[in-house]
Amino acid sequence: MTENLSDRINTLIQSLGIRKTTFAEKLNVSQAFVTQITKGVSQPSDRTISDICRLFNVSEVWLREGEGEMFIQLNEDEQLAEVLTRVEFEKDAPFVDMMTAALKSYYKLDDNKKAAVNELIDGMLAEISAQKTAPNQD
């Protein structure tokens, strides 16, 4: 359990892999205010805590009290939305453009073609999982 709210917010920012500036921009607060919160100088308002939980899919119980899991478990559609939100943080225009085009193309496919793409992706994920769990053969 992380000791206090400022520690948990620091942990969250690190887990998201973003800078305090990006965190502040997403919350529509100043970077100086985020620094004050992370140092324990200031406390976030209830609204700011609510915004953090909503924008970053964080458990309010974890953020306020340090209990349970940091992130709320998402279904597949919610996970996709989360990935797209994180891609936005990256500001890697070629990657974002490629992902946007791929998703638009996918959603234009008929159900049979979507099923084929899903089968391909499931196969790739299974292969990746198998490689991670296979003993090292060096």
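Given the protein chains as shown and a 1.4 Å probe, how many square angstrom of Leu125 are accessible, to the nearest 10?
Leu125 exposes around 100 Å² with every protein chain in place.
Roughly how many Å² of Arg64 are accessible to a 1.4 Å probe, to the nearest 10?
Rounded to the nearest 10, the figure is 90 Å².
Using only the heavy atoms of the protein chains and a 1.4 Å probe, how would Val58, Val117 rank by accessible area, largest first?
Details: Val58 0, Val117 45 Å².
Sorted by accessible area, descending: Val117, Val58.
Calculate the FRET efficiency for Thr133 and Leu55 from the Cβ-Cβ distance with a Förster distance of 30 Å, rounded to the nearest 0.05. Display every interim value, and only then the final one.
Working: r = 34 Å, r/R0 = 1.13.
So the FRET efficiency works out to roughly 0.35.
Using modelled backbone amide H atoms (1.01 Å from N, in-plane), which distant-in-sequence or interchain residues come within less than 5 Å of Phe71's amide H?
For Phe71, the qualifying residues are Ser59.
Amide H neighbours of Ser42 under 5 Å, at least 5 residues apart or on other chains, H built in the peptide plane: list them.
Ile37
Per residue of region 103-115, in order, report the coupling 6.51 cos²θ - 1.76 cosθ + 1.60 (Karplus, θ = phi - 60°) as ³J(HN,Hα) in whole Hz, putting x for Gly and Pro.
Values per residue, Gly and Pro as x: 5, 4, 5, 4, 5, 8, 5, 6, 4, 5, 5, 4, 4 Hz.
Before anything else, pin down the relative contact order of region 1-46: Cα pairs under 8 Å, at least 6 apart, normalised by residue count, whole percent.
34 percent
The values are calculated or read from the model by the stated rules, or taken from the named source; none is laboratory data. Fair warning: this is a prediction, and the values are worked out from it, not measured in the lab. Here Cβ is always computed from backbone atoms with ideal geometry, including for glycine, and neighbour counts include all displayed protein chains. Side chains included, ligands, DNA and RNA excluded: accessible areas come from the protein's heavy atoms. Shrake-Rupley method; radii C 1.70, N 1.55, O 1.52, S 1.80 Å.
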